[in-house]
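> For reference, the structure I am asking about is given below.
The values are calculated or read from the model by the stated rules, or taken from the named source; none is laboratory data. Since this is a predicted model, take the numbers as computed values, not measurements. Cβ: placed from backbone, ideal geometry, glycine included. Neighbour counts: every protein chain shown.
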Amino acid sequence: MAAPMAAPRNLAGPRDYRGTAASPGRAVGPAWTVRERSAATVASPAGQTEERHALEAAVAQAADELRALSERSDADSAAILDLQIEMLLDDEMLAPVLARIAQGDSAALAWAGALDAYIDSFGDSPEDIFAVRSADLSDLKNRVLDALAGRGRTDFPEGAIYVGKDMPPSLFLAHDWSKGGGVALSSGSAIGHVSMLARARGVPMVIGLGPVAVEPGETILVDGAEGLARINPAGPAAEPATRSVPQRPAEPTDGAGAAHGAAVGLSVNINALSDLDLFDPAEVEGVGLARTEFLLPSPAEVLNEERHHDCYRRIIERLGGRPVTLRMLDLGGDKALPGLVAGGTGSFLGERGIRLLLARPELARLQARALMRVAAYGPVNVLLPMVTLPDELAAMRLLFEEEAARLDRLGMPHRMPPLGIMVEVPAVALTLDLFAEAAFFSVGTNDLMQYLSAAARDDTAAAHLTTGSETALFRLLDQACAAARALGKPISVCGDLAGDPHLARRLVEAGFRQLSVAPMRLGAVRAALLSRGPHIDAASA
Ligand code: PEP
Ligand code: MG
């Protein structure tokens, strides 16, 4: 919720705050300050009463929106909208939702589940009236889910500098950065998800500034390379923000990677569909990691199988036959989904990634169906996040098989994709030999480093411990790489470390032959792998 921060005593003249560089570039704009939400606001829903109230408020909000729309519409459209309002407020429709909440579901899950069941009950009826009713219900479903997530009310003006303690990735993703702007955080971490997103989009960002005394609207400069935030910058530094939309990086023509048969395959990580415009598919091996939790950043999208399907299909089509690795939802930790997944620091070690998917199988089933359906269009691999034990892989495979049988019954074309696992929990990195059932491995160095060093990736104060644990990390990687080879399974690295030219060379030296990096990092990594140096000669690797 946006709100003025406490007024600083002396606002005259420039004031500097020093922090840590998280994403390079310079941006100038009016400060947009954020009052921190208390832990209670974002904590896991307390109980059925709160969930019921949340649902009632969201339904009321959706009804208000429809009423406002109806008032602005012509008579025919208004009649349709009024019917929707009637449906929305119908006690009969709400009864199964309330029953699900009484059984322990969150408001979002209960609403989506009950509406899906209602829509499904129309089956494949050829009668138009049922098709129309299904479309109305889908609209209502998404409207209420959006209201539950508070979507649309948390964005901030284009070109502004976001100033706050931390920033939820979903807010970063929902914002339009094409008019510039930047991020200045009092806390945060350079290996946190929002920093990673900022680097991938070319949005200047500084973290670890401590409390920043700034009035809303005061001009603020963010220098993401220097780790500096300056309030009221003077002189040329105060020039308006330059456009920070990432441009496609220049590629060396003789690239290390796919198209030229060199030894190291370079793929890209995708966080948004717009990332697809940042690289030439002919210059990469494929998509090594699509973070689906970022591609579908609201409950309305995550709970809609068709949105999954359409989104994945666009990636597959753009890659034109190159392999696409779609990772199942890695929700939890700092990747919350308001109204659906509370997340929070505690869940970094708790219900996150595959643990959450197996605990909420309806979410996993929906995504599994969409993944198997799009696998019919091209080479799709499915990657499972945060796996710890072989049992989890087996349980997810079973779930896929059950959903495949369901798609069979429905006569929907589909294909069972290879299922691989993220190597981001130290227990897995040490026991790859136990995961012979995995089709491939992908190392998530961001999480592997945080869990290895017991230093949270969203904690500025612990950042030096994470980076200081590189020796431990590389010892573990040596072992994991050898174990994957012994199993004859492909292993790649998709964590941010692979996007650092120097460390990419060390990875190749450690035996990795597949790296996946943000599109913006392709040029630098490719150049580093091609250059001769103390670590590696990419051409002979
Ligand atoms: C990782 O942990 O390195 C990774 C690629 O996953 P994410 O950054 O999305 O947690
Ligand atoms: Mg991870």
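Per-residue answers, yes or no, for (1) away from ligand 1 (no atom under 15 Å from the Cβ); (2) within 21 Å of ASN271 (Cα to Cα); (3) of a type in the set (Phe, Trp, Tyr):
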| site | (1), (2), (3) |
| --- | --- |
| VAL428 | no, no, no |
| ASP433 | yes, no, no |
| ALA436 | yes, no, no |
| ALA456 | no, no, no |
| ALA480 | no, no, no |
| LEU487 | yes, no, no |
| ALA504 | no, yes, no |
| PHE512 | no, no, yes |
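> When segment 480-509 is examined, which residues are found to be of a type in the set (Asp, Glu) and either outside the structural domain of ALA439 (by TED's automatic domain parsing) or within 16 Å of ligand 2 (Cβ to nearest atom) (or both)?
Selection gives ASP496 alone.
> Which is surrounded by 22 or more Cβ atoms within 10 Å (Cβ to Cβ), more than 16 Å from ligand 2 (Cβ to nearest atom) and within 20 Å of the chain's Cα centre (by Cα), of VAL423, VAL380?
VAL380
> Here's something else I'd like to know. Just to be sure, is TRP32 under 24 Å from the mean Cα position of the chain (by Cα), at pLDDT 80 or above and closer than 30 Å to LYS165 by Cα?
yes
> Quick check on my filter: what residues within segment 286-318 are basic (Lys, Arg) and either closer than 23 Å to ASP447 by Cα or in a strand (DSSP E or B) (or both)?
ARG291 - this is the single residue of segment 286-318 that is basic (Lys, Arg) and either closer than 23 Å to ASP447 by Cα or in a strand (DSSP E or B) (or both).
> If the Cβ limit is 6 Å and pairs must be 6+ apart or interchain, which residue in segment 439-457 that is over 20 Å from GLY332 (Cβ atoms) pairs with which residue that is within 13 Å of ligand 2 (Cβ to nearest atom)?
Partner pairs satisfying both residue conditions: PHE441/VAL423.
> Being surrounded by 21 or more Cβ atoms within 10 Å (Cβ to Cβ), touching a helix residue (DSSP H, G or I) at 6+ places or on another chain (Cβ under 8 Å) and part of a helix (DSSP H, G or I) is true for just one of LEU329, LEU357. Which residue is that?
Sole residue among the options that is surrounded by 21 or more Cβ atoms within 10 Å (Cβ to Cβ), touching a helix residue (DSSP H, G or I) at 6+ places or on another chain (Cβ under 8 Å) and part of a helix (DSSP H, G or I): LEU357.
> Does PHE400 satisfy the criteria of being within 16 Å of ligand 2 (Cβ to nearest atom), surrounded by 15 or more Cβ atoms within 10 Å (Cβ to Cβ), not assigned by TED's automatic domain parsing to the domain that holds SER189 and not hydroxyl-bearing (Ser, Thr, Tyr)? Please lay out each step first, then the result.
Values: within 16 Å of ligand 2 (Cβ to nearest atom): no; surrounded by 15 or more Cβ atoms within 10 Å (Cβ to Cβ): yes; not assigned by TED's automatic domain parsing to the domain that holds SER189: yes; not hydroxyl-bearing (Ser, Thr, Tyr): yes.
For PHE400, the condition - within 16 Å of ligand 2 (Cβ to nearest atom), surrounded by 15 or more Cβ atoms within 10 Å (Cβ to Cβ), not assigned by TED's automatic domain parsing to the domain that holds SER189 and not hydroxyl-bearing (Ser, Thr, Tyr) - is not met.
> Suppose the filter is out of contact with any strand residue (DSSP E or B) (no Cβ under 7 Å at 6 or more places or on another chain) and over 20 Å from LEU430 (Cα atoms); does GLY488 pass it?
no
> In segment 396-414, is there at least one residue being within 16 Å of ligand 1 (Cβ to nearest atom) and touching a residue at least 12 places away in the same chain (Cβ under 8 Å)?
The answer is no; no qualifying residue exists.
> Residues ALA405, ALA336, ALA429: which one is aliphatic (A, V, I, L, M) and away from ligand 2 (no atom under 16 Å from the Cβ)?
Answer to the check: ALA405.
> Report the residue count in segment 484-507 for those that are part of a helix (DSSP H, G or I) and among the small types (Gly, Ala, Ser).
5
> Consider THR460 carefully, then state whether it is modelled with pLDDT under 95, buried (at least 16 other Cβ atoms within 10 Å of the Cβ) and within 14 Å of ligand 1 (Cβ to nearest atom).
Values: modelled with pLDDT under 95: yes; buried (at least 16 other Cβ atoms within 10 Å of the Cβ): yes; within 14 Å of ligand 1 (Cβ to nearest atom): no.
In short, no.
> Taking the options GLY343, GLY321, name whichever one is more than 25 Å from PHE172 (Cα to Cα) and in a loop (DSSP other than H, G, I, E, B). Break it down into steps so the answer makes sense when it comes.
Values: GLY343 fails: more than 25 Å from PHE172 (Cα to Cα).
Only one candidate passes the filter, namely GLY321.
Per-residue answers, yes or no, for (1) under 22 Å from the mean Cα position of the chain (by Cα); (2) outside any strand (DSSP E or B); (3) closer than 18 Å to MET449 by Cβ:
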| position | (1), (2), (3) |
| --- | --- |
| ILE191 | yes, yes, yes |
| SER195 | yes, yes, yes |
| ALA198 | yes, yes, no |
| VAL203 | yes, yes, no |
| PRO211 | no, yes, no |
| VAL214 | no, yes, no |
| GLY217 | no, yes, no |
| LEU221 | no, no, no |
| ALA225 | no, yes, no |
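> In segment 463-496, which residue that is buried (at least 16 other Cβ atoms within 10 Å of the Cβ) and among the small types (Gly, Ala, Ser) is nearest to GLY192 (Cα to Cα)?
Out of the qualifying residues, it is ALA463.
> Same structure again: Every residue in segment 502-529 that is closer than 23 Å to ASP478 by Cα and of a type in the set (Lys, Arg), please.
Within segment 502-529, ARG505, ARG506, ARG513, ARG526 meet the criteria.
Results for (1) of a type in the set (A, V, I, L, M); (2) within 17 Å of PRO297 (Cβ to Cβ); (3) part of a helix (DSSP H, G or I); (4) at pLDDT 80 or above, shown as yes or no for each residue.
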{"site": "GLY104", "(1), (2), (3), (4)": "no, no, no, yes"}
{"site": "ASP124", "(1), (2), (3), (4)": "no, no, no, no"}
{"site": "ASP139", "(1), (2), (3), (4)": "no, no, yes, no"}
{"site": "ALA147", "(1), (2), (3), (4)": "yes, yes, yes, yes"}
{"site": "GLU158", "(1), (2), (3), (4)": "no, no, no, yes"}
{"site": "MET167", "(1), (2), (3), (4)": "yes, yes, no, yes"}
{"site": "SER170", "(1), (2), (3), (4)": "no, yes, yes, no"}
{"site": "ASP176", "(1), (2), (3), (4)": "no, yes, no, yes"}
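> Follow-up question, since we're still on this one. Residue under question is LEU337, and the condition is that it be within 24 Å of MET167 (Cβ to Cβ), touching a residue at least 60 places away in the same chain (Cβ under 8 Å) and in contact with a Cys (Cβ under 6 Å, 6 or more places away or on another chain); does it hold?
no
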